[in-house]
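Asks: First the structure, which I've put down as structure tokens, then a few questions once you've had a look.
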Amino acid sequence: MSERLEEQKRYYAARAPEYDDWWYRRGRYAFGPDEQENWDADVAEGEAALESFASESGTILELAAGTGIWTRKLVRLADRVVALDANAETLVLNTPEAELVQADLFAWRPQELFDLVFFSFWLSHVPEERFDEFWALVRSALVSGGRVFLVDSGPTGDATDDGEQVRQLADGREFTIVKRYWSPEQLAERVRPLGFELDLRLSASRHFLYGGGSAR
């Protein structure tokens, strides 16, 4: 694993206790009333899209499952969910309703096939040099005709040319991580040669990129 990916892994391990504060906009992540309303509407939009796409999915593999914000939704939609993450610090906060697996996503190989592979706020942390490899992993975990659904950050003004960001924790520690933003069109075009057809869109207030499709 590259030095940058190792630093990113350490960041998310250290951030585990405050990660949900970001999602629920608590404390230092809090929005004003108008922006909170927009955020809540975008969250509801993404959740509704996932529920429509993934209901009665049978088996779901969640990659980079984190503290379980989306895992808790997936277990209501599937017969079985396997949730994988690199850090014990995040998995301990996840739900026991899923089968929790600690493993490095770039080293792990599936021992079974799944009807759906899901990942949220992960693809934007995959560097270009590991992008094709990651999608090969996704393909290798799917049954024939299997599907993919993703949620990630919408394009924002804080993108950098080198695809990296400096993030600060509540205690002041700083980490440099990978952060690459995609438009729906760019991402759909990028994965098409890798054998995936994705229908992607931005949420109404552009907080999120989301959508899904199938492996060809």
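Asks: Once you sort the root eigenvalues of the Cα gyration tensor of region 125-216 as a ≥ b ≥ c, which label holds: rounded (a/c under 1.5), prolate (a/b larger than b/c) or oblate (the other case)?
Replies: It is prolate, given that a/c is not under 1.5 and a/b is the larger ratio.
Asks: How big is the gap, in Å, between the Cα center of region 83-108 and the Cα center of region 175-213?
Replies: Region 83-108 and region 175-213 have Cα centres spaced 23 Å from each other.
Asks: Here is a follow-up. Test of understanding: what is the full-extension gain from SER214 to ALA44, defined as 0.36 nm times their sequence separation minus their Cα-Cα distance?
Replies: Extra length available between SER214 and ALA44 comes to 58.9 nm.
Asks: Test of understanding: what is the full-extension gain from THR176 to ALA204, defined as 0.36 nm times their sequence separation minus their Cα-Cα distance?
Replies: Extra length from THR176 to ALA204 when fully extended: 7.1 nm.
Asks: Quick check: the distance between the Cα centres of region 116-160 and region 1-41, to the nearest angstrom?
Replies: When both Cα centres are located, 19 Å separates them.
Asks: Would you list ASP42, ASP161, ASP104 from the most to the least accessible area, probe 1.4 Å?
Replies: Heavy-atom accessible area, descending, gives ASP161, ASP104, ASP42.
Asks: Is the shape of the chain best called rounded, prolate or oblate, per the rule: a/c under 1.5 gives rounded, else a/b larger than b/c gives prolate, else oblate, with a ≥ b ≥ c the square roots of the Cα gyration tensor eigenvalues?
Replies: Because its axes are fairly even, with a/c under 1.5, the chain counts as rounded.
Asks: Provide Rg over Rh for region 12-52; use the alpha carbon set for both Rg and the Kirkwood Rh (inverse mean inverse pair distance).
Replies: In region 12-52, Rg relative to Rh is 1.07.
Asks: If you add up the charges near TYR24, with Lys and Arg at +1 and Asp and Glu at -1, over every other residue whose beta carbon is less than 15 angstrom from its beta carbon, what do you get?
Replies: Cβ neighbours under 15 Å give a net charge of -2.
Asks: Let me ask another. From largest accessible area down, sort LEU100, LEU116; use a 1.4 Å probe on the protein chains.
Replies: Ranking LEU100, LEU116 by accessible area, largest first, yields LEU100, LEU116.
Asks: Are there chymotrypsin sites (Phe, Trp or Tyr not before Pro) in region 107-213 that DSSP puts in a loop and that have at most 16 other Cβ atoms within 10 Å, and which ones?
Replies: TRP108
Asks: Using a 10 angstrom Cβ neighbour count of at most 15 plus a DSSP loop assignment to flag exposed GluC sites (Glu not before Pro), which longest range of the chain is free of such sites?
Replies: 113-216
Asks: Using a Förster radius of 22 Å, what is the FRET efficiency between ARG167 and ARG190 based on their Cβ-Cβ separation? Nearest 0.05, please.
Replies: On the way: r = 24 Å, r/R0 = 1.11.
Step by step, r from the Cβ atoms, then E = 0.35.
Asks: Around ALA103, under 13 Å between beta carbons, what's the net of Lys plus Arg minus Asp minus Glu among the other residues?
Replies: In short, -2.
Asks: Sum -39500 (n - 2.57) across every DSSP H segment of at least 4 residues in the chain, then divide by the residue count to get the 222 nm mean residue ellipticity, nearest 500.
Replies: Working: 6 runs with 72 residues, N = 216.
The helix-only estimate for the chain comes to -10500 deg cm²/dmol at 222 nm.
Asks: Now for a different question. Label 7 Å along Cα→Cβ of ALA136; region 86-112 residues with amide nitrogen under 16 Å?
Replies: 105-110
Asks: Something else now. Using a 1.4 angstrom probe with every protein chain in place, what is the largest-first accessible-area order of THR95, THR156?
Replies: THR156, THR95
Asks: Still on this structure, please answer the following. Taking the Cβ of VAL166 as the center, what net charge do the other residues with Cβ under 10 Å away carry, scoring Lys and Arg +1 and Asp and Glu -1?
Replies: Local net charge: 0.
Asks: How many percent of the alpha carbon pairs in region 24-137 exceed a separation of 18 Å?
Replies: Within region 24-137, distances greater than 18 Å cover 56 percent of Cα pairs.
Asks: Still on this model: Give me the extension gain from TRP108 to ARG76: residue separation times 0.36 nm, minus the current Cα-Cα distance, reported in nm with one decimal.
Replies: Taking TRP108 through ARG76 to full extension adds about 9.0 nm, to one decimal.
Asks: Continuing with this model, one more query. Residues in region 1-21 near a label at ARG28, defined as backbone nitrogen under 18 Å from the 7 Å Cα→Cβ point?
Replies: 8, 10-21
The values are calculated or read from the model by the stated rules, or taken from the named source; none is laboratory data. This structure is a prediction, so every number in the text was calculated from the model and none was measured. Please note: Cβ atoms are built from the backbone with ideal geometry, for glycine as well, and neighbour counts cover all protein chains shown. Ligands, DNA and RNA are excluded from the accessible area calculation, which covers all protein heavy atoms including side chains. Shrake-Rupley method; radii C 1.70, N 1.55, O 1.52, S 1.80 Å.
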